[in-house]
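K.L.:
Structure provided below as structure tokens; questions to follow.
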Amino acid sequence: MWENYMTPNNGPHSTKVNHTKAHRKLMTAIIALFAFTFVLFGFSGVTSPAFAGPGGTYTTGWLIRFNVSNGGEAAQWYEEKLDMIVNDESSAFPYYVQLYYEDFPETQIGLSQSTPVQSGKATATIAVDDIEEAVGNLEEQGVEVGPLCNAGDGYTVLAFFCDPDGNNLALREDGFPNDFDDCGSPVCNNCDY
């Protein structure tokens, strides 16, 4: 009676089933390896790594620089109004100060104490998850913020404001269905042209 349960299945169909299972596992492993390689390294002409920079280099962060009339006062404004942190390692206070957000240390704003204080239409844009709350917070601190406007696609909203030296800043929220007026040029163009 127990002999029927204890004998191996050596029939002609069992070998085919085992080969089929092995083949499926092998194909799954190959597909997983290919997908992993594709995502990690990318293929030239098809995709590129997440931090691809010029000439095949890798970017380590982003920095926008503004000229300001007084580095110390400007740094204080960015700390107090925008809750940014001074990067002591990259700053030559007060002549040059870099600031960042704690959760995004690779993205920074540099403030260079120099004249003329002109950044033209360059705009540092801060992406937020709740633009209305961010605008309210700035307005409570006495920062004049322009009205919410449509960035052109009906799902991206901007709100422009200026630092004390007239440099352009903006708040941005993506995925915000809206019928606001389209955004125009930045509001604080501090250049001669």
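The values are calculated or read from the model by the stated rules, or taken from the named source; none is laboratory data. What you see is a predicted model, and the numbers here were worked out from it, not measured in a lab. So basically every Cβ, Gly included, is an ideal-geometry build from the backbone, and we count neighbours across all protein chains shown. When the accessible area is computed, the model is the full protein with side chains, heavy atoms only, and any ligands, DNA or RNA have been set aside. Shrake-Rupley method; radii C 1.70, N 1.55, O 1.52, S 1.80 Å.
So that you can scan it fast, the table gives a plain yes or no per residue for (1) charged (D, E, K, R); (2) at pLDDT below 90:
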| site | (1), (2) |
| --- | --- |
| N70 | no, no |
| D88 | yes, no |
| S91 | no, yes |
| Q98 | no, no |
| Y101 | no, no |
| F104 | no, no |
| A124 | no, yes |
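K.L.:
To continue, here is another question. Looking only at the range 125-165, count how many residues are hydrophobic (A, V, I, L, M, F, W, C), without any contact (Cβ under 8 Å) to a residue 40 or more places away in the chain and outside any loop (DSSP other than H, G, I, E, B). Even if it seems obvious, please write down each step before you answer.
P.N.:
Let us first name the residues in the range 125-165 that are hydrophobic (A, V, I, L, M, F, W, C), namely 126-128, 131, 134-135, 138, 143, 145, 148-149, 151, 157-162.
Those left that are additionally without any contact (Cβ under 8 Å) to a residue 40 or more places away in the chain: 134-135, 145, 148-149, 151, 157-162.
Next, only the ones that are outside any loop (DSSP other than H, G, I, E, B) stay: 134-135, 145, 149, 157-162.
The number of residues fulfilling the criteria is 10.
K.L.:
Looking only at the range 175-188, filter to residues that are modelled with pLDDT under 90 and in contact with a strand residue (DSSP E or B) (Cβ under 7 Å, 6 or more places away or on another chain); which one of those is most open to solvent (accessible area, probe 1.4 Å)? Outline the logic, then answer.
P.N.:
From the range 175-188, those modelled with pLDDT under 90 are 183-188; that's our starting set.
Applying the additional criterion that residues be in contact with a strand residue (DSSP E or B) (Cβ under 7 Å, 6 or more places away or on another chain) yields 183, 186-188.
Values: C183: 37, P186: 30, V187: 92, C188: 15 Å².
Top of the filtered list is V187.
K.L.:
Which of the following residues is modelled with pLDDT under 90, buried (at least 19 other Cβ atoms within 10 Å of the Cβ) and closer than 25 Å to G72 by Cβ: Q108, Q113?
P.N.:
Details: Q108 fails: modelled with pLDDT under 90.
None of the others qualify; the one that does is Q113.
K.L.:
Same structure again: Please work out which one of (1) out of contact with any Pro (no Cβ under 6 Å at 6 or more places or on another chain); (2) over 30 Å from N178 (Cβ atoms) is the condition G72 fails and give its number.
P.N.:
Tallying (1) out of contact with any Pro (no Cβ under 6 Å at 6 or more places or on another chain); (2) over 30 Å from N178 (Cβ atoms), G72 fails exactly one: (1).
K.L.:
For the range 75-98, how many residues meet the condition of being within 19 Å of R172 (Cα to Cα) and in contact with a strand residue (DSSP E or B) (Cβ under 6 Å, 6 or more places away or on another chain)?
P.N.:
Of the residues in the range 75-98, 2 are within 19 Å of R172 (Cα to Cα) and in contact with a strand residue (DSSP E or B) (Cβ under 6 Å, 6 or more places away or on another chain).
K.L.:
Please go through the range 94-105 and give me each residue that is within 18 Å of E73 (Cβ to Cβ) and loosely packed, with under 14 Cβ neighbours inside 10 Å, ordered by number. Steps first, please.
P.N.:
Initial filter on the range 94-105 (within 18 Å of E73 (Cβ to Cβ)): 94-99.
The one that is within 18 Å of E73 (Cβ to Cβ) and loosely packed, with under 14 Cβ neighbours inside 10 Å: Y95.
K.L.:
Would you mention how many residues in the range 116-168 are closer than 18 Å to W77 by Cβ and loosely packed, with under 12 Cβ neighbours inside 10 Å?
P.N.:
Of the residues in the range 116-168, 4 are closer than 18 Å to W77 by Cβ and loosely packed, with under 12 Cβ neighbours inside 10 Å.
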